[in-house]
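Contents: one structure, followed by commentary.
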Amino acid sequence: MPAINTTPVNLAAIVIIFFVSFLIGRFFNRDLGIRGYFLILVGTTLIAFEWLIWRYGVSLYRGLSLSDRIEVVRLSPWLKIKSFEVAWVFEFTFFTTVMIFMILVVFFAVLCFSYYYLKFEPKLVQFFSYLSLFVAFMLTLVAAGNFVVFFLGWEGVGLSSFLLINFWTTRIQTNKSALKALLINRIGDFFLIIGVVLVYKLTRSFEFQTVFASVEYLANFCVPELKTPYVDVIGLVFLLAAMSKSAQAGLHTWLPDAMEGPTPVSAMIHAATMVTAGLYLLLRCSALLILSPLTMQLIFIVGALTVLLASFISAWQYDIKKIIAFSTCSQLGYMMAIIGSSYFSLGFFHLLTHAFFKALLFLAAGGVIHTMQGEQDLRKLSGSFNNYKPRETSFSFLQVAFLVGTFSIVGLAFYSGFYSKELILFGLKTPLGTTANIFASLILNFSIFLTSYYSFRLFYLIFFSQARSTTSFYEKHCNFHLDRLAIISLAVLMFFSIVAGLMLKSLTISSYIFANTLYPATFSIASLEFVNLQSKMVPLILVLIGLICALKQDKIAVLQQKYARLSYFFQSKYFYDNLLNKIALLNLHCAKKIYLSVDKGILEWFGPYGLFVLLRPISLSVDLTLFDRRIEASYLGFTMGIILFLIMILMDFEKVWATVCLLVFSI
């Protein structure tokens, strides 16, 4: 692919300037103030946008195709030991550039909304600096040119997520949630390290271009002990890493708990960017994964299970943010399932569209929570806005923003979610028509009904349900007002939630932008456009059924009371958190017993403590007989010990070396 001869600084600086912005916020926060640092971050984001636009302008001016370009930027060596060398390498393709654009758009919207949402927060500059650090690490992950730089960004987003979730450090629940997110993400870090080491063992390189150029030869190597192809092992560990970071079934518990942080954090990290890092790993390494049919089948199964389990949980929740959080798990399952079907470009397409409308939903929910003084329980909020409707235009704007996000997530026609979800549903039916594909297609179609139900239920209970007695407090104290920055952030996300699907659809279907960076899909994506009318009507019918069920909340409540145990089972998230707590407690008890019996027992008695008990009487007798506790005699013994030590070095008596050293130090 031809490379553009641009200045490397103009490309790598998109990543570097956010690190610089973080350092400015940490060291000059008192001098700049909140407004000054906010303007710096806005200017940094606009500069990054300018560089991206300039890069596209150069490409189009030179008549280059958007898909036929790649720029590898080598800044400097990082580590060099003989023939082993690791460098700071960034790789810019259309694939990475679109991801950078999505991250910057969401960051700009979250930044503006945070200024409104946390305007009275005393540590707002610190919050902005953490956001800048997160974006810097996320851009490092996206634009990495080798596995080492990729792992740096991978670890960095986990650290930044911990700092942002735990921003309100005085709240115990945020401390627990941040630690839980950090610990579960460490599982993914561990498996990613194993995968990177295996890749280096086979190719002797960390560079993406070198590794992907040799993928045809990797399928011939097997693990000697297991007689299993290396590509299966690498694919499995990469899948486990992606499951941890992208909150798939089994390792998903950290994502809903992470909603304890500020709502803009939820929009930035757990809806648009960090949770997509695991999927981005699978997309980036798709040339390796496609060689392992076993891994692809496992990815497919994990995605389908995540969609089903998360959708059921979300339909029974009452916390606004947790409903949207489990919805995120469900949408990530869509992407995982279609990636397992080898439609990598469709997974990437839905990743982009999902980022915009999910960030919009979180920020709109943040506006509701901010208005209701931090209340998030739907049972307490039901009817609040219906009984007390502010006359301000900003209230209607918030309703419209929430409605646009809802229409997009359910896949209503002409919204961004419609284009990507429709192609995913049709794509799961086409590969060979196997039983697994048919079963997954049924699961995803049923999840459309559940998604429509809990999305419209959320919107209906907040804005149009009947008022309850618990809403009298909010009727008197609700003072709703969206400032200009909040309106701008919601407007930006509304725009992309509507037009992003239509803009990216032609690039995904009609061109080959992913063929240069991803392994080509097994089947033609363009053929998915030509399906019968009955298949296209099924999702629409399921959406309408979900809408009708959402409007019949009184009857649904009666059914929930009738089947209280089943409702409690789903509300308790299948008791999976309780199971994990019991397993963790069992591990702690086992670790305590091992510590007391091995560490404090065997190792100490056959180690330092036992040696101390054995030599202490000998040391005391020698000390009392030779030196008699006098200072000059002790100095004499110290000098003798040094002389003896030097003699042993010169004469090289290896056999008695350990004995003499022990005697000298014990004396």
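Bear in mind that the values in this text are calculations on the coordinates, not laboratory data. Quick caveat: nothing in here was measured; it's all calculated off a predicted structure. Every residue, glycine as well, gets a Cβ built from its backbone with ideal geometry; the counts of neighbours run over all protein chains shown.
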query = Which stretch or stretches of the stretch 86-120 have amide N atoms under 13 Å from the point lying 7 Å from I16's Cα along the Cα→Cβ direction?
reply = 88-90
ask   = Between L152 and D377, what is the label-to-label distance in nm when each label sits 7 Å out along the Cα-to-Cβ direction?
value = 4.8 nm
remark   = the stretch 557-600 and the stretch 76-98 have their Cα centres apart by a whole-number Å value of 43 Å
message = Along the Cα→Cβ direction, 7 angstrom out, place labels at L580 and L32. What is the inter-label distance in nm?
response = 3.5 nm
ask   = Non-local amide H neighbours of F221 (under 5 Å, H modeled in plane, Pro and chain starts lacking H): which ones?
value = Y230
task = Pairs to check: K180/K322; K80/K201; K380/K552; K321/K421; K245/K505. Give those whose C-alpha atoms are more than 20 Å from each other in this structure.
result = K321/K421; K245/K505
Calculated FRET value between Q571 and R616, using beta carbons and R₀ = 41 Å, to 0.05 = 0.10
ask   = About its Cα centre, what dipole magnitude does the stretch 277-387 give when the only charges are +1 on Lys and Arg Cβ and -1 on Asp and Glu Cβ, stated in debye to the nearest 20?
value = 40 debye
ask   = Sorted by average packing, counted as other Cβ atoms within 10 angstrom per residue and highest first, what order do 242-250, 486-494 take?
value = 242-250, 486-494
remark   = Of 549-555, 408-414, ordering from highest average Cβ density within 10 Å down gives 408-414, 549-555
key: Computed lengthening from F120 to L596, 0.36 nm per intervening residue step minus Cα-Cα distance   = 166.4 nm
key: Protection proxy ranking of 312-319, 78-85, 110-117 - average other beta-carbon atoms within 10 Å, highest first   = 110-117, 312-319, 78-85
